[in-house]
Amino acid sequence: MAEGEEKNGILDSMPVFAKELIAGGVTGGIAKTAVAPLERIKILFQTRRDEFKRIGLVGSINKIGKTEGLMGFYRGNGASVARIVPYAALHYMAYEEYRRWIIFGFPDTTRGPLLDLVAGSFAGGTAVLFTYPLDLVRTKLAYQVVGSAKAQAKAVTIPMEQFLYTGITDCFSRTYRESGFRGLYRGVAPSLYGIFPYAGLKFYFYEEMKRHVPAEHKKDISLKLVCGSVAGLLGQTLTYPLDVVRRQMQVERLYAAAKEETVRRGTMQTLVKIAREEGWKQLFSGLSINYLKVVPSVAIGFTVYDVMKLHLRVPSREETEAEDRTTRKRNTLS
């Protein structure tokens, strides 16, 4: 058997959900790494690192470059990729599966943007629940700022080893020892509050805009990228304050330790505290950077996902639905 035929035989024997998992995972890893520097700066803006908010985007890039070098822009990216690969894999696969379940569980359901809103929301919630501890670790690692040895000697007033993590495993183990299983899910509530509307709205806007694309341009990748980028921007803007709350809750212990405080707040308490003490604008801190990040991230994501589905021979939704209808009809007649 030729090598190409053997490869095609393996792909044809794989279940569709497995192909969607692979395509989604590869998509997430590539897209996340491409925008990692902006993600790092956004997290520093969100988590009250005044020295970064004050100097702005360009100043932050220069500061990280001088004190931490090129790899400083990717601090926490290992944990980010470790999280985004299973997250994106679950997100894409769960969206397709929920969509199919709804269609065949409720045959009278309209194939419209509302279906994508519901399926996308549940898919986002499912992915968050399974991968949240990795997001927590990513944020804690990105929050740490390592300067020159001379600067650290002058600036450090408390033992830094109390909360500086050496890597992903160290952050995981110490967080678990200090706060138990609940500590690994610190800030998960605002994540769920945010991901349900964000994931749902993103798919809603994307599918709705695609419906207005002329039939002859349906497969045009550039138009898909434009639709996806606009959908990501709209969804992100509407839910961004909850992302800020989540980040601050994730690093709350580190921030409180530096000030010798003990603070434990819930989602609404943190939201109100930020708005009252730091102003409502802080709830959108880093949003401009997020806009710069979302456009290339979504563009790369949709492109890679489409290419991966093509190479993995994933059937279209129409083909899958037609096959399932035929199977159900055959089972009914027999």
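The values are calculated or read from the model by the stated rules, or taken from the named source; none is laboratory data. What you are looking at is a predicted structure, and each value in this text was computed from that prediction instead of being measured. Glycine also receives a Cβ, built like all others from the backbone with ideal geometry; neighbour counts cover every protein chain displayed. Please note that ligands, DNA and RNA were not included when accessible areas were found on the heavy atoms of the full protein model with its side chains. Shrake-Rupley method; radii C 1.70, N 1.55, O 1.52, S 1.80 Å.
Report, in listed order, any pair from 63/219; 140/218; 19/281; 19/224; 140/224 with a Cα-Cα distance greater than 31 Å.
Listed pairs above 31 Å: 63/219; 140/218; 19/281; 140/224.
With +1 on each Lys and Arg Cβ and -1 on each Asp and Glu Cβ, how big is the dipole of the stretch 208-248 about its Cα centre, in debye rounded to the nearest 20?
Numbers: 7 positive and 4 negative charges, 25 e Å.
Once rounded to the nearest 20, the dipole reads 120 debye.
Output the direction-averaged projected area (hull surface divided by four) of the convex hull of the alpha-carbon atoms of the stretch 14-313, in nm².
17.0
What order do you get for 17-27, 94-104 when each peptide is scored by the mean count of other beta carbon atoms within 10 Å, highest first?
17-27, 94-104
Starting from the Kirkwood Rh over alpha-carbon pairs, what translational D in µm² s⁻¹ does the stretch 158-244 have by Stokes-Einstein at 25 °C and 0.890 mPa s?
Rounded to a whole number, D works out at 152 µm²/s.
On a 1.4 Å probe surface of the protein chains, which of 91, 217 comes out largest in accessible area, and what is the full order?
217, 91
Give, rounded to the nearest 20 debye, the magnitude of the charge dipole that the stretch 14-313 has about its Cα centre when Lys and Arg contribute +1 at Cβ and Asp and Glu contribute -1 at Cβ.
The dipole magnitude comes to about 560 debye.
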